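To start, the structure itself, in structure tokens.
Coordinate-derived values only; no laboratory data. Keep in mind that this is a model prediction, so the values were computed, not measured. Methodologically, a virtual Cβ is constructed for each residue, glycine included, from the backbone with ideal geometry; neighbour enumeration extends over all protein chains shown.
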Amino acid sequence: MSLVEKAKVEILAVVDAALLNFNRIEDWDNKPNPIKWSRKELLGHLIDSASNNLRRLIVGQYEQGTKIVYDQDKWVAYQNYQGMNFEDVKTLWKLINHQLAEVIGRIPQSKLDNTCDTGLGKAEVHSLVYFIEDYIVHLKYHLKQITEIS
């Protein structure tokens, strides 16, 4: 199985498992403190991350070194996940991850070394392979946070 096929399968499995775990969580709106994100905002952050990585993985297949930056705090604030219905946030998160997995699964081997620049104020150039692998690590990290917040 190729890297992109493995990544697609892994993302879909992680999402399916998380959706089952979400049923055990009761408090999605509580903020541990005023400057920390709630569980719902963390899930929203994962939507934003998927959205930005989706763009990088698509544009990166036809343009080299395109600058696609992401200010996570502004995205979470402007999207207003805290004020949204949780079921809508959950559905959006599921669907964007399914789309991301589909796009990843179709990236040709010949495009995996293509790059995007994610640096705010300076160059930070990464390959599409990096974005795929980093997204999976990032996804798992924040899903673990969501289930562990007290």
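When the chain is treated as a Gaussian network with alpha carbon springs shorter than 10 Å, the biggest mean-square fluctuation among LEU57, LEU112, LEU19 belongs to LEU19. Using R₀ = 35 Å, calculate the FRET efficiency as 1/(1 + (r/R₀)^6) where r is the Cβ-Cβ separation of LYS122 and VAL9; round to 0.05. FRET efficiency, LYS122 to VAL9: 0.50. I'd like the FRET efficiency for GLN109 and ARG24, computed as 1/(1 + (r/R0)^6) with the beta carbon distance as r and R0 of 35 Å, rounded to 0.05. The value I calculate is 0.35.
Taking trypsin sites (Lys or Arg not before Pro) across the range 36-104, the ones in a DSSP loop with at most 14 further Cβ atoms lying within 10 angstrom of their Cβ are LYS36. Taking all Cα pairs closer than 8 Å and separated by 6 or more residues, the relative contact order of the range 1-143 comes to 35 percent.
The spacing between the range 1-47 and the range 105-144, judged by their C-alpha centroids, is 18 Å.
Quick one: which of LYS67/LYS90; LYS90/LYS122; LYS6/LYS144 span more than 32 angstrom between C-alpha atoms?
Details: LYS67/LYS90 29 Å; LYS90/LYS122 34 Å; LYS6/LYS144 21 Å.
Exceeds cut-off: LYS90/LYS122.
Return the FRET efficiency for the residue pair PHE86, ASP16: r is the Cβ-Cβ distance, R0 is 22 Å, and the value is rounded to the nearest 0.05. Efficiency for this residue pair is about 0.75.
Grab the alpha carbons of the range 3-148, take their convex hull, and tell me the volume per residue in Å³. Don't skip to the end; give the middle numbers.
Details: hull volume 15.0 nm³, N = 146.
Dividing the Cα hull volume of the range 3-148 by its residue count gives 103 Å³.
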